[in-house]
Amino acid sequence: MENLRYPLTQRRYRTSPLMRELTASVRLSHKQFIIPLFVEEGLSQPREVKGLPGIQVETAATVEQAVTKAIQSGINKFLLFPVPAAKQEVVGDFSFAVRTIRQLKAVFGPEIWLAADCCLCSYTTHGHCGILDSSLTRMLNNASVELISRYAAELAVAGADCIAPSDMTDGRIAAIRSRLDALGYDTVSIMSYAAKFSSQFYGPFRDACHSAPSAGLSDRKTYQHSPFNREDAIASALRDDQEGADILMVKPAALYTDILLTLKQETRKPLAAYHVSGEYAAVESLAQQGLVSRAAAHLEVWAALNRAGAAMIISYAAGEARGWIERMTY
Ligand code: PBG
């Protein structure tokens with residue numbers, strides 16, 4: 001017998017895998033996952049994305065297979081990023097996005113929940129998320145909101161279950177909501193990119209979507225949140241809540257769990273955490289070097305997002321979630 005001068009207080013919770021499983025305060029389910037889906041117009045072969053092993057940009061011909069594969073892995077919720085073949089001097093042709101949604105909804109119907117990203121960055125010649133002024137140095141809020149809400153309406157009419165505006169203009173949620181309602185699409189929901197930071201960690205995504213910003217404005221700091229300003233992010237998210245967003249997203253996710261936790265306390269709306277391309281790539285790169293166990297590292301990130309209050313997780317590894325969660329030991 002060990003002498004009991006220092007009796008166990010907390011360590012009993014960690015005695016065995018079953019005790020850890022039983023007393024876990026957060027649990028994961030593949031049902032809370034959304035998988036990003038990239039589709040590019042005019043692409044003849046699926047294309048790999050730099051830094052995102054396992055992820056590819058689909059063609060109009062392969063996108064159905066990609067969805068089927070995800071469904072087989074237990075994932076039936078998607079965030080679609082349509083990439084048009086050509087940039088537009090005057091943006092207004094959303095036909096590829098519309099066609100893709102129609103195609104997927106015709107095949108899969110209510111078997112899938114399809115959210116459509118609603119942003120102009122893969123359409124504009126300068127890669128910014130909205131319309132710029134003539135000197136290409138300032139994003140115009142009103143003109144951008146007008147066009148983005150028109151785009152949202154087209155996505156809803158095409159059959160999207162949810163509109164996910166990622167442009168970060170002010171007033172877009174109210175504008176989109178009223179436009180959808182006026183058209184009779186009041187059951188289509190809005191997942192707002194409510195706290196979206198101007199981040200280094202979007203790098204691989206911009207490669208996938210040809211959406212790196214250029215022109216006089218070389219970054220998105222005048223419309224996305226500053227990593228150094230939590231109040232702006234919280235205030236913007238609560239405003240989106242007020243304007244009628246159904247789901248509030250925080251992005252990037254793992255670096256911003258303080259924002260998730262604060263929002264969890266301040267809103268009754270469900271929160272989504274987007275573990276973005278660069279965050280995913282960082283885990284993948286450690287795993288490739290043998291420095292972390294890939295599954296355990298992703299599970300640890302997901303646990304953190306759950307602890308912080310995320311109801312749902314957008315992840316490039318979502319397709320593996322069910323298997324990893326089933327096989328994990330606590
Ligand atoms: C564009 C958009 C971005 C992402 C989603 N929508 C990139 C950006 O703002 O530059 C990033 C997603 C990721 O990195 O996984 N509006």
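Just so you know, all these numbers are worked out from the coordinates, no wet-lab data involved. This one's a predicted model, so the numbers in the text were calculated from it and none came from an experiment. Please note: Cβ atoms are built from the backbone with ideal geometry, for glycine as well, and neighbour counts cover all protein chains shown.
A few comments on the model shown:
- Exposure proxy order (Cβ contacts within 10 Å, fewest to most) of W302, W324: W324, W302
- Relative contact order for the chain: 19 percent, from Cα pairs under 8 Å spaced at least 6 residues apart, divided by residue count.
- The chain, dipole about Cα centre (Lys/Arg Cβ +1, Asp/Glu Cβ -1), debye to the nearest 20: 1080 debye
- From the alpha carbon centroid of the stretch 138-163 to that of the stretch 216-294 is 21 Å.
- For the residue pairs K31/K77; K77/K105; K50/K77; K105/K269; K31/K69; K196/K264, alpha carbon separations beyond 18 Å are given by K50/K77; K105/K269.
- Considering only A195, Q45, C129, the residue lying farthest towards the positive end of the dipole of the stretch 2-327 is A195, judged by Cα position with unit charges set on Cβ.
- When +1 charges are put on Lys and Arg Cβ atoms and -1 charges on Asp and Glu Cβ atoms, the dipole computed for the stretch 179-330 relative to its Cα centre reaches about 160 debye.
- When Rg and Dmax are taken over the Cα atoms of the stretch 9-143, they come to 20.7, 67 Å.
- Annotation: the residues K251, K50, sorted from fewest to most other C-beta atoms within 10 Å of their own C-beta, follow the order K50, K251.
- Each distinct pair of alpha carbons in the stretch 2-327 adds a 1/r term; the inverse of their mean, the Kirkwood radius, is 20.5 Å.
- The gain in end-to-end length when the A235 to S135 segment is fully stretched comes to 33.0 nm, 0.36 nm per residue minus the alpha carbon separation.
- Annotation: the residues I131, I112, I259, sorted from fewest to most other C-beta atoms within 10 Å of their own C-beta, follow the order I112, I131, I259.
- Computed FRET value (nearest 0.05) for S25 with R206, which takes r as the C-beta separation and R₀ as 35 Å: 0.45
- Separation between Cα centres of the stretch 23-41 and the stretch 173-190, rounded to whole Å: 25 Å
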